[in-house]
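The values are calculated or read from the model by the stated rules, or taken from the named source; none is laboratory data. Everything numeric in this text was worked out from a predicted model, so none of it was measured. Because the Cβ atoms are built from the backbone with ideal geometry, glycine has one as well, and the counts that use them run over all protein chains shown.
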Amino acid sequence: MDIAMKIPQKRVQGQDWTLQREEYRVGLKKAIRGKWKKTLIAWLLLSPSLIFLTVFTIYPIAQSFINSLYKDNLSTLKPVFQGFTNYANLLKDKAFLECFWNNLLVAVVTVPCSIGLAVAFAVFEKGIKRGKFLVRLGFIYPTFIPMVAAANIWMFIYTPIYGLLGYINPNWRFLADGKTAIWAVMAMLIWKQAGYIMLFYMSGLTGISKEMYEAAKIDGAGSFQLFRLITWPLLAPTTTYVFIIALTNAYKMVDHLYIMTKGGPGNATNVLLFYIYQTGFDYWDTGKASAITVVLVGLLLIITCIKFFHDDRKAYYNETP
Amino acid sequence: MNSFTQKHTLQWKKVGTALLKGLMFLMLFINAIPLLWVIRTAFISQDKALDLFAVGLPTLDNFKRVLAAAPFGKYYGNTLFITIGILLVQLVFITLAGYAFARIDFYGSRLLFILFLSQLMIAPEVLILPNYSLMVKLGLNDHLLGIMLPFFASAMGTLIVRQTIKTIPTELEEAARVDGANLPQILGKVYVPLLLPAYLSFGMISAAFQWNNFLWPLVMTDSVSKRPLSLGLAMFAMSYETGAQWSDVSAATFLVCVPLLALFIIFQRQFMDSFMHSGIK
């Protein structure tokens, strides 16, 4: 329902031109007034969400940026403006840099692993004939377990001697060793995340027609070829979407750290959001914590932009995204 | 390729497929171990909890001790209040906003849409620090309402409703309009019934998120009586340093996990169906 469609476009030969122009003018005016009326209704419908969105997402981002320009910690009575000093200090802060790289490692390792497992689970689930329910439950249940509860359970697994892995080798102390701790934590994250991503792939798989597989089978394709040539390419839109979700999640999941390691040993398992929590609520350094918040928001916005860029590019090839 | 080698490769393919299936079943088992173990530890008597191979009759002693040691009833109440309260408000908000984005051609639609999408990516839980200072200013820290407010607007829910409405033919709305229905009536009588599957899948996602939400309630609450379940569980688990109380922690963990798992099992079919068809792709 575009405005342009409602107004007479072409000059009709043999009719009075001024009359046509008048008709055009009135039509355009009416269409614009109609659109303004619709705009009012739309904004009214959107206003409840919009108000909360502005107050609790947009305003806090602006507030973080402003706070990040001030020195505001336990040593200052009143916030002191200091420009970008907080950011410059972050670059010299070893703990921050460690969190930054840990976060990157978590993203680079857990995202592809979770996606790979999720695809395998979803394809496997589709091929199963009996016991579908148990298979689904077995893979998806971690999604519905609170992160904190999951962390408790995995503590039992990792605890030396008495833990589940203690039955294999009582001397394994994965969480206490700075080199292995982050890998132990990532194993849990993959376990937690794969089932959630599987949901999206199951949804994506229902969109692929059976005929396609049958045709390929007649041509003698094996199951691996079927996957490589049909399933995986046709799941590409799902993969893009899931990739973004998993990537942002890699920066948001921190609850388990509170139980498992508190970011330690040292800062070996610490990530940005948990460091914000520690800086802001344990050390009360509001200026610094605000600066890290701005960095984290910036990272998430970059990820969002990748998505927009991708969508835009896709729009050139495909009319209906 | 002669017929012999053809038969040969076919057999190898079958072996490969069988191996792959076996591997997947193994993974399924490994994936399920944490759940199986926590259930086992929660229901076995305390003195046998540390021995993996001990067998014993299931007992509820652990649960009795847990409920006596911490106010889990209160935690449950708080979490239920938060989860249901947020969901009810969200359902109203996302219906209105989703309809506007799906059906109305208006000035600023692109800009507002991008604004909504940015919330999807950034999410209030990243903004714990500024939101906390805001709540302190509003005097809402250590209030359940303060925990709930940042989640009332949901970009994800709005997108789901928008996608679903787009699949509904406009003729239904036009017919209702001809019959003299106004916008609230159209929304209530035409769209809401058709949106029920979308509400179900969004409801599950939203409820799971709130049930699990931890960091925000952690910074927001000071008093024990305001703690939601996730926070209560964390505090309970943290009060034991050693593995000596595993059966208690397992029982508490089980208590916290059961409602959502039960919901998932009960609504599994509907949830899967609506998840697959409601445009959450």
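Pairs are defined by a Cβ separation below 8 Å, a sequence spacing of at least 6 or placement on different chains, a first member in region A:117-135 that is on the phi < 0 side of the Ramachandran plot, and a second member that is outside any helix (DSSP H, G or I); the pairs so defined are A:Val119/A:Leu235; A:Val135/A:Ile128.
Just to verify a result, which residue in region A:177-210, among those that are of a type in the set (S, T, N, Q) and touching a residue at least 12 places away in the same chain (Cβ under 8 Å), is nearest to A:Ile145 (Cα to Cα)? I'd like the intermediate steps shown before the answer.
Step one: of region A:177-210, the residues of a type in the set (S, T, N, Q) are A:180, A:193, A:203, A:206, A:209.
Among the residues that remain, those that are also touching a residue at least 12 places away in the same chain (Cβ under 8 Å) are: A:193, A:203.
Details: A:Gln193: 11, A:Ser203: 21 Å.
Top of the filtered list is A:Gln193.
Taken together, the residues in region A:241-286 that are in contact with a Phe, Trp or Tyr (Cβ under 6 Å, 6 or more places away or on another chain) and closer than 21 Å to B:Met238 by Cα amount to 4. Going through region B:219-276 one residue at a time, which ones are in contact with a Leu (Cβ under 8 Å, 6 or more places away or on another chain), among the β-branched types (Val, Ile, Thr) and buried (at least 23 other Cβ atoms within 10 Å of the Cβ)? Scanning region B:219-276 gives B:Thr253, B:Val256. From the list B:Ala69, B:Ala102, B:Ala49, B:Ala123, the one residue that fits, being touching a residue at least 60 places away in the same chain (Cβ under 8 Å) and at the interface with another protein chain (Cβ under 10 Å from one of its Cβ atoms), is B:Ala49.
Among the candidates A:Thr206, A:Thr231, A:Thr261, which residue alone is more than 10 Å from chain B (Cβ to nearest Cβ), among the polar types (S, T, N, Q), under 30 Å from B:Val15 (Cβ atoms) and over 17 Å from the mean Cα position of the chain (by Cα)? Step through it out loud before you land on a result.
Values: A:Thr206 fails: more than 10 Å from chain B (Cβ to nearest Cβ); A:Thr261 fails: under 30 Å from B:Val15 (Cβ atoms).
Step by step, each of A:Thr206, A:Thr231, A:Thr261 is checked, and only A:Thr231 is more than 10 Å from chain B (Cβ to nearest Cβ), among the polar types (S, T, N, Q), under 30 Å from B:Val15 (Cβ atoms) and over 17 Å from the mean Cα position of the chain (by Cα).
With respect to the conditions (1) free of Cβ contacts under 8 Å to residues at least 40 places away in the same chain; (2) crowded, with 18+ Cβ neighbours inside 10 Å; (3) closer than 28 Å to B:Ser230 by Cβ, A:Ser114 lacks only one, and its number is (1).
Return only the number of the condition from (1) within 27 Å of A:Thr293 (Cβ to Cβ); (2) among the small types (Gly, Ala, Ser); (3) more than 14 Å from chain B (Cβ to nearest Cβ) that A:Gly27 does not satisfy. All conditions are met except number (1). Residues that are in a helix (DSSP H, G or I) and within 11 Å of another protein chain (Cβ to nearest Cβ) are absent from region B:189-199. The single condition among (1) part of a loop (DSSP other than H, G, I, E, B); (2) under 30 Å from B:Trp211 (Cβ atoms) that A:Val111 does not satisfy is (1). Restricting the first member to region B:211-225 and to residues that are over 16 Å from B:His143 (Cβ atoms), and the second to residues that are part of a loop (DSSP other than H, G, I, E, B), the beta-carbon pairs closer than 6 Å and six or more apart or on different chains are B:Asn212/A:Pro146.
I'm checking my understanding of the structure. Among residues of region B:126-143 that are more than 11 Å from chain A (Cβ to nearest Cβ) and in contact with a helix residue (DSSP H, G or I) (Cβ under 6 Å, 6 or more places away or on another chain), which one is farthest from B:Pro228 (Cα to Cα)? Here the residue is B:Leu140. Taken as a whole, the condition of being surrounded by fewer than 20 Cβ atoms within 10 Å (Cβ to Cβ), on the phi < 0 side of the Ramachandran plot and not small (Gly, Ala, Ser) applies to B:Gln185.
Of all residues in region A:71-104, which are among the aliphatic types (A, V, I, L, M) and either at pLDDT 90 or above or surrounded by 11 or more Cβ atoms within 10 Å (Cβ to Cβ) (or both)? Full working, then the answer.
So the first thing to find is which residues in region A:71-104 are among the aliphatic types (A, V, I, L, M), and the list is A:74, A:77, A:80, A:88, A:90-91, A:95, A:97, A:104.
If the condition is that a residue be among the aliphatic types (A, V, I, L, M) and either at pLDDT 90 or above or surrounded by 11 or more Cβ atoms within 10 Å (Cβ to Cβ) (or both), then A:Val80, A:Ala88, A:Leu90, A:Leu91, A:Ala95, A:Leu97, A:Leu104 are the ones that fit.
Screening A:Ile190, A:Ile153, A:Ile182 for residues that are facing another protein chain (nearest Cβ under 7 Å) and either β-branched (Val, Ile, Thr) or crowded, with 23+ Cβ neighbours inside 10 Å (or both) leaves exactly one candidate, A:Ile153.
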